[in-house]
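A short worksheet on the structure shown next.
The values are calculated or read from the model by the stated rules, or taken from the named source; none is laboratory data. Just so it is clear, the structure is predicted and the values come from calculations on it, not from any experiment. All Cβ positions, even for glycine, are placed from backbone atoms using ideal geometry, and neighbour counts span all protein chains on display.
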Amino acid sequence: MSFAIAIDGPAAAGKGTISKAVASHFGFAHLDTGLLYRAVGKKMLTGLEPVEAAKTLTPEDLERDDLRTPEVAQAASKVAAIPEVRAALVDFQRAFARRAGGAVLDGRDIGTVICPDAEAKLYVTASAEVRAKRRFDELSAKGMDVVFETVLQDVKERDARDMNRADAPLKPAQDAVQIDTSDLSIDAAVAAAIQAIETRQG
C-alpha cells in the first residue's frame, strides 16, 4: 500500500519541519528533496560538473553535515535550474514516493512534476520577511555572522530563481491545500497539515 504526500513551498516556509512531523504522525518515510540539490550543489563547489554530480549522487552524500550553509543553499538553487540535473534526480524521487508503507516528500516541484498523482498535496508558504527572520535566527544560532538584510536578499533572489526557472518552476499544484505559516505556531501548522491529509485519506 503506497500513499504519497507532496509538500512544496519556498525556502524557510516550514515545509521541512511540517514534513518530518507529518511523516512521524502517519509512520511514513520522509525525503527532503532539497537535500538532493544541496548535495549536488556541494559536489559542484568542490569542482565536479553539476550533471555528473547528480548522476553519481549516493545516499551517503545526503548525510554530510555541511549541506546547510548559505553557500551550499545558493549552489543548490543554481544547479536546480539545470534541466539535466532535475532529470537525473527524478527517478530517485519517484521511486521513493511509491515505496510501500507511505512516503512524504518535500521540495519545490513534488506536487506539480515529481508526483502529480500524489494522494495528498500541500503548499506551505510564508512572507519573505518572516522566512528571512527564521533563516537569520537559524544561522545566528549556529554561530554564523549574518546580516538580516543580506539573508532577506538571499531569500528573495532564491524565490525569483525558483519561481521563474523554465523547468519545473516553484508554484502550488492546482489541487494543493495551501498553508500560510507566517502567523502560525509550529504546532498549529502541523495540525493544519495533518487535518488536510486526513481529509484526503477519506
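Descriptive notes on the structure:
- Single condition V51 does not satisfy, out of (1) at pLDDT 95 or above; (2) buried (at least 21 other Cβ atoms within 10 Å of the Cβ); (3) of a type in the set (V, I, T): (2)
- So S185, is it farther than 17 Å from G16 by Cβ and among the hydroxyl-bearing types (S, T, Y): no
- Enumeration of residues in region 100-132 that are surrounded by fewer than 20 Cβ atoms within 10 Å (Cβ to Cβ) and among the charged types (D, E, K, R): D117, E119, E129
- Residues that are touching a strand residue (DSSP E or B) at 6+ places or on another chain (Cβ under 8 Å) and not in a loop (DSSP other than H, G, I, E, B) within region 167-188 comprise V177, Q178, I179, D180, listed in sequence order.
- Of the residues R131, R200, the single one that is within 16 Å of the chain's Cα centre (by Cα) and not hydrophobic (A, V, I, L, M, F, W, C) is R131.
- Cross-chain or 6+ apart pairs with Cβ under 7 Å, region 125-147 first and in contact (Cβ under 8 Å) with a residue 40 or more places away in the chain and part of a loop (DSSP other than H, G, I, E, B), then among the acidic types (D, E) and surrounded by 14 or more Cβ atoms within 10 Å (Cβ to Cβ): A126/D180
- Boolean, A75 is touching a residue at least 24 places away in the same chain (Cβ under 8 Å), touching a Gly at 6+ places or on another chain (Cβ under 6 Å) and surrounded by 18 or more Cβ atoms within 10 Å (Cβ to Cβ): yes
- Checking A168, A176 one by one, the residue that is hydrophobic (A, V, I, L, M, F, W, C), in contact (Cβ under 8 Å) with a residue 60 or more places away in the chain and closer than 24 Å to I82 by Cβ is A168 and no other.
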